[in-house]
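Asker: Have a look at this one.
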Amino acid sequence: MTDESGDPRRRDSSSEEAGDSTTANSPAEVPTTCMRCAVGCGLVHVVGGGGDGSKTVRGDPSNPVSRGAACRRGIHETANPRGERLTRPLVREDGELVPTSWSTAVSKASEAIRSAMATDPDDVAILGSGQQTNEAAYALGKLARAGIGTRNYDANTTLCMASAVAAYYRAFGSDAPPPTYDDIPAAETHLVWGANPAVAHPVLFQWIRQSAVDGRLIVVDPVETKTATAADEHVAVAPGRDLELARAVLAHLVDTGRIDESFVDAATTGFDEVVADLPSVADAAADAGVSLETVEMLAAAFDDPTLVYWGMGVNQSIRGTATAGALIDLCLASGNLGPGSGPFSLTGQANSMGTRVCSSKGTWPGHRPFDHPGHRQAVADAWSVPVSRLPDDAGPGPVGVLDSSPSVVWTVATNPVAGFPDATTAIEHLEDAFLVAQDAFRSETVELADVVFPAATWGETEGTTVNMERRVSRVRPAIDPPADARSDLDIVADVASQVAPGLLPDSPADPAAVFDEFVALTAGTNADCSGLSYARLDREQAVRWPAPEPDTSAGYRYDGGSDPASWSFPTPSGKARFSTLDGDPLPEPTGEDFPLTLTTGRETDAYNTGVRSRGGDTAVSDDASARPVARVNPETIETYRGAVVDADHGRTTSIESRRASVRVTLAPDDAVPKGLVWLPIHHPLTNTLTTPAVDPVSNEPNFKQCAVRFRRSGGR
């Protein structure tokens with residue numbers, strides 16, 4: 001994926017294509033941004049000129065982010081998603097979902113919301129998504145916070161990135177990674193910790209791998225993932241023990257004199273307090289399940305410019321914020337902050353970063369703090385509502401939102417029935433509520449809904465998105481949505497017209513006008529986007545924030561160059577802060593009754609809870625072909641042979657946690673360590689097993705570790 005310039009992001013336009021063949025009559029080419037993951041690749045929709053909606057999709061060689069690169073799944077899911085499309089509004093009558101008009105669907109949903117608001121605004125819960133455009137997410141947050149006034153509003157991005165967000169705020173006073181994609185070629189060591197970009201971010205992984213040809217790629221993960229098989233070194237840390245390993249490496253940096261004292265003294269605070277509480281290297285290494293030689297190898301990686309990438313394996317833990325903070329500490333202590341180095345969390349959903357900037361779920365737009373009186377007043381003034389209308393905290397997180405037992409729940413482009421931990425409890429809360437489900441595809445959550453809003457999806461809607469390196473880019477429609485489906489923005493505007501008249505523009509809303517309102521509200525903030533406009537994005541295609549002026553954009557954040565005293569962070573002291581979090585004990589250690597550890601992860605061609613990629617059938621079946629496949633070490637299978645059934649379609653067992661039992665097909669896999677069970681996040685039954693415990697700082701669930709056992713199940 002390189003050209004003669006040596007930049008691994010440059011390639012010609014021969015990226016993969018998918019879709020129906022185009023017609024003649026001058027097919028139109030529509031540039032847009034891929035919404036499959038958060039890399040933010042540029043795509044071109046080539047739409048047939050015959051008016052039949054046929055199209056192909058390919059990478060865009062003119063795009064400054066990906067320069068023509070595009071992965072197979074992004075291409076194919078954009079052109080031909082496999083999910084069952086929702087095309088008409090639905091309402092529940094006599095226990096069945098039946099088609100209805102938009103006016104009836106909006107009126108029923110709005111009436112339920114108004115009725116709950118009259119009792120308590122917090123009795124309305126809203127769950128948004130990292131798959132919305134910035135414009136739709138901004139409008140939804142404005143309606144939730146200023147129109148309804150509920151604190152029970154969040155998004156599924158908290159389920160994957162909240163711990164990284166919390167760690168960035170604690171360290172730097174602001175969200176988002178300091179490095180950008182431009183730093184990847186300059187790094188000498190690439191340390192991938194608790195992430196599998198070869199599967200989750202294929203284009204990004206190609207850039208990392210190309211850069212590592214002349215350097216090193218090290219992977220820390222309990223499982224020998226696809227990324228680990230390509231690495232120079234694979235560290236199989238004990239499940240849930242990433243914090244211990246990170247602290248072992250920091251202690252070894254101290255013991256071996258590898259601390260960049262000039263940077264630590266001039267640009268940071270809190271280092272002495274962290275050092276005072278460090279465990280011994282030997283004890284921490286033993287707790288992490290690694291050798292002292294492994295700790296030395298990891299410590300030596302920080303001698304050179306090193307990028308530290310991490311993902312859900314770190315974030316989705318009760319210790320996620322502490323562990324992400326410990327990884328940032330390694331960068332600070334070794335002076336690995338600056339071009340070609342630094343902490344770089346890998347974002348999953350396409351617009352998770354945008355949701356964090358614009359949606360008012362964890363901060364007000366522009367990362368304005370929720371509890372700051374001046375920022376609250378500024379938001380209230382901009383939205384022409386009394387400040388008392390705005391909630392005074394960000395809410396309890398997605399799990400807490402449903403645990404509050406709201407009487408109305410509105411889900412937008414998210415599938416909590418399959419995506420929430422302890423999903424059976426989540427289902428009970430949703431069944432007890434009046435449920436409004438807004439989605440482009442039929443899902444398990446849609447099946448429980450009282451009202452269903454059919455939404456447009458990628459390639460059918462207009463707006464903007466923000467990738468993981470803070471680049472804002474356009475999303476453009478190439479074809480119309482099917483039948484009666486509408487854009488998320490227009491649906492939110494329709495509901496607002498009845499719930500909070502005058503708060504949002506009438507449908508059809510102008511996305512450019514909503515964008516202009518959003519960016520104006522970020523002026524002067526740490527995430528200043530006020531220099532952006534649709535016209536500028538049309539010219540430049542993708543621009544990194546902060547962008548406070550029409551001709552400015554950002555590169556590496558906080559960069560003070562070679563002088564440590566010149567680094568500046570938006571903290572009270574102006575310095576970066578070391579993390580003093582110890583991390584809570586794991587919520588479910590293994591024991592005699594539940595001797596195995598369950599973890600979850602992504603499969604190569606599946607998407608989130610699978611509604612776009614596993615077909616349209618949302619019914620849970622015990623048919624062998626529909627069961628989840630559990631990857632398990634062959635020795636583990638033999639150890640628990642008495643609980644395994646040799647069936648026609650392979651070995652089966654039931655995996656039991658303290659919450660549920662799921663029948664699975666076993667796939668022997670030496671890449672999975674003994675005592676660990678791996679299930680895909682995409683199957684609707686997986687999260688019936690997981691624990692609802694959450695990180696005490698970020699409210700992100702502990703998806704990656706819970707105690708389970710095998711139990712023999714009958715049948716074939």
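Just so it is clear, none of the values below were taken in a lab; they were calculated from the coordinates. Predicted model, so just to flag it, every value in this text is computed and none were measured. Backbone-built Cβ (ideal geometry, glycine too); neighbour counts: all protein chains shown.
Asker: So which trypsin sites (Lys or Arg not before Pro) in segment 230-266 are both in a DSSP loop and have at most 11 other Cβ atoms within 10 Å of their Cβ?
Answerer: Of the trypsin sites (Lys or Arg not before Pro), not one in the loops of segment 230-266 has a Cβ with at most 11 other Cβ atoms within 10 Å.
Asker: Could you sort out which of Lys108/Lys361; Lys361/Lys704; Lys142/Lys226 sit more than 30 Å apart by Cα distance in this structure? Before the final figure, lay out the partial values.
Answerer: Values: Lys108/Lys361 25 Å; Lys361/Lys704 24 Å; Lys142/Lys226 41 Å.
Going by Cα-Cα distance, Lys142/Lys226 fall outside the 30 Å limit.
Asker: Regarding the chain, what whole-number volume in Å³ per residue does the convex hull of its Cα atoms give?
Answerer: Numbers: hull volume 109.0 nm³, N = 716.
Normalising the Cα hull of the chain by residue number yields 152 Å³.
Asker: Compute the relative contact order of segment 569-716 as a whole-number percentage, counting only Cα pairs closer than 8 Å that sit 6 or more residues apart in sequence. All intermediate terms of the calculation are to be shown ahead of the outcome.
Answerer: Numbers: 262 pairs, mean separation 50.9, N = 148.
RCO, segment 569-716: 34 percent.
Asker: Also, I was wondering about something else. Please report Leu245, Leu448 as a ranked list, fewest other C-beta atoms within 10 angstrom at the top and most at the bottom.
Answerer: Neighbour counts put them in this order, fewest first: Leu448, Leu245.
Asker: Determine by what factor the alpha-carbon radius of gyration of segment 342-482 differs from 2.2 N^0.38 Å, reporting the quotient.
Answerer: This ratio for segment 342-482 stands at 1.20.
Asker: Note the direction-averaged projected area, equal to a quarter of the hull surface, for the Cα convex hull of segment 543-588, in nm².
Answerer: 6.3 nm²
Asker: Ok, one more. Computed on alpha carbon atoms, what radius of gyration and Dmax characterise segment 493-597, expressed in Å?
Answerer: Computed over the Cα atoms of segment 493-597, radius of gyration and Dmax are 22.7, 63 Å.
Asker: Using a cut-off of under 20 Å, list every residue of segment 624-661 whose amide N is near the label point 7 Å from the Cα of Glu84 along the Cα-to-beta-carbon line.
Answerer: 624-628
Asker: Let me ask something additional. What net charge is computed for the residues neighbouring Val220, neighbours being all others with C-beta under 10 Å from the C-beta of Val220, Lys and Arg scored +1, Asp and Glu -1? Write out the running numbers ahead of the final one.
Answerer: Values: positive: none; negative: Asp221, Glu233, Asp242.
So the environment of Val220 carries a net charge of -3.
Asker: How about Lys575: which aspartates and glutamates have a C-alpha closer than 14 Å to its C-alpha, ignoring those fewer than 8 places off in the same chain?
Answerer: Hits, sequence-local ones excluded: Asp265, Asp329, Asp559, Asp563.
Asker: Sticking with this one: For all pairs of alpha-carbon atoms in segment 596-711, what percent lies in each bin of width 10 Å, listed from the first bin to the last filled one?
Answerer: Pair shares across the bins are 14, 45, 34, 7, 0.
Asker: Any chance you could run the full-extension gain for Ala535 through Asp623? It's 0.36 nm times the residue separation minus the Cα-Cα distance, nm to one decimal. Provide the component values of the computation, followed by the final result.
Answerer: Values: separation 88, 0.36 × 88 = 31.68 nm, distance 5.27 nm.
Stretched fully, the Ala535-Asp623 segment lengthens by 26.4 nm.
Asker: Taking the beta-carbon count within 10 Å as an exposure proxy, list Thr414, Thr229, Thr355, Thr688 from fewest neighbours to most.
Answerer: Working: Thr414 29, Thr229 11, Thr355 32, Thr688 24.
So the residues, fewest neighbours to most, are Thr229, Thr688, Thr414, Thr355.
Asker: Let's test this: bin the Cα-Cα distances of segment 160-345 at 10 Å from zero up to the farthest pair and state each bin's percent.
Answerer: Percent of Cα pairs in each bin: 10, 41, 40, 9, 0.
Asker: Could you please rank Ile637, Ile681, placing first whichever residue has the fewest other Cβ atoms within 10 Å of its Cβ?
Answerer: Least crowded to most crowded, the residues run Ile637, Ile681.
Asker: While we're here: Under the definition of Cα pairs under 8 Å and six or more residues apart, what whole-number percent is the relative contact order of the chain?
Answerer: 18 percent
Asker: So what's the convex hull volume per residue for the Cα atoms of segment 45-104, in Å³?
Answerer: On the way: hull volume 9.6 nm³, N = 60.
Output value, Cα hull per residue: 159 Å³.
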